[in-house]
1. Which length gain, in nm to one decimal place, applies between residue 94 and residue 184 when the Cα-Cα distance is subtracted from 0.36 nm times their residue separation?
2. How would 118, 150, 62 line up from fewest to most surrounding beta-carbon atoms within 10 angstrom?
3. If each residue's Cβ is checked for other Cβ atoms within 10 Å, how do 176, 103 rank with the fewest at the top?
4. Given a cut-off of under 8 Å on Cα pairs at least six residues apart, what relative contact order in percent is computed for the range 30-149?
5. Rounded if a/c is under 1.5, else prolate if a/b is larger than b/c, else oblate: which is the range 79-193, with a ≥ b ≥ c the root eigenvalues of its Cα gyration tensor?
6. Rounded, prolate or oblate for the range 56-138? Axes are the square roots of the Cα gyration tensor eigenvalues, ordered a ≥ b ≥ c, and the cut-off for rounded is a/c under 1.5.
7. Using 0.36 nm per residue, how much length does the chain from residue 62 to residue 33 gain when fully extended, once their Cα-Cα distance is taken away?
8. Applying a 10 Å radius around every beta-carbon, put 88-94, 111-117 in order of their mean neighbour count, most first.
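Readers should treat all values here as calculations from the given coordinates under stated rules, not as data from a laboratory. Because the structure is a prediction, the values reported are computed rather than measured. Glycine also receives a Cβ, built like all others from the backbone with ideal geometry; neighbour counts cover every protein chain displayed.
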């Protein structure tokens, strides 16, 4: 008589890893490595990074947030209205970088009166998301921008040291480090391209 098995019996099946699976894993690992390497090379070659200091660009940028700068954005063109630029105020290399939005271009006269911005006497229409300006600073009587000079404001209009301040004034093109183009943060809503 044959052997009888008492109860259930289990057997172990050896799992095999197929060559196709190993190849697919290697392709994925190589792809991720290549993407990180390319991103690092692009940032190193084309850009640089700095940190936002203060609350002058809220809600677009927050205090301490890292910003990637495209250093070559203005080699073939000049800053445009709405661009967020990174510059050294008055070219002072002992200062930290300022990050502000371009409002006025070379040759224009910028005036801030009754909380509103005027370019060459015409009302400058902007989003309702910006607060009404409480203090026009040195722009209350108008600032005529010279060649290669830009007028900049922080997005947090009433809590920003920008071209309205005599300490900053008009930003000369040769003090501009580049265009702020990507922001990094601690949460997903703080990461992305700068508008």
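1. 29.9 nm
2. By the 10 Å Cβ count, ascending: 62, 118, 150.
3. By the 10 Å Cβ count, ascending: 103, 176.
4. Reported relative contact order: 17 percent.
5. Because a/c hits 1.5 or more and a/b fails to exceed b/c, the range 79-193 counts as oblate.
6. Cα axes put the range 56-138 in the prolate bin.
7. Additional length available on full extension: 7.4 nm.
8. 111-117, 88-94
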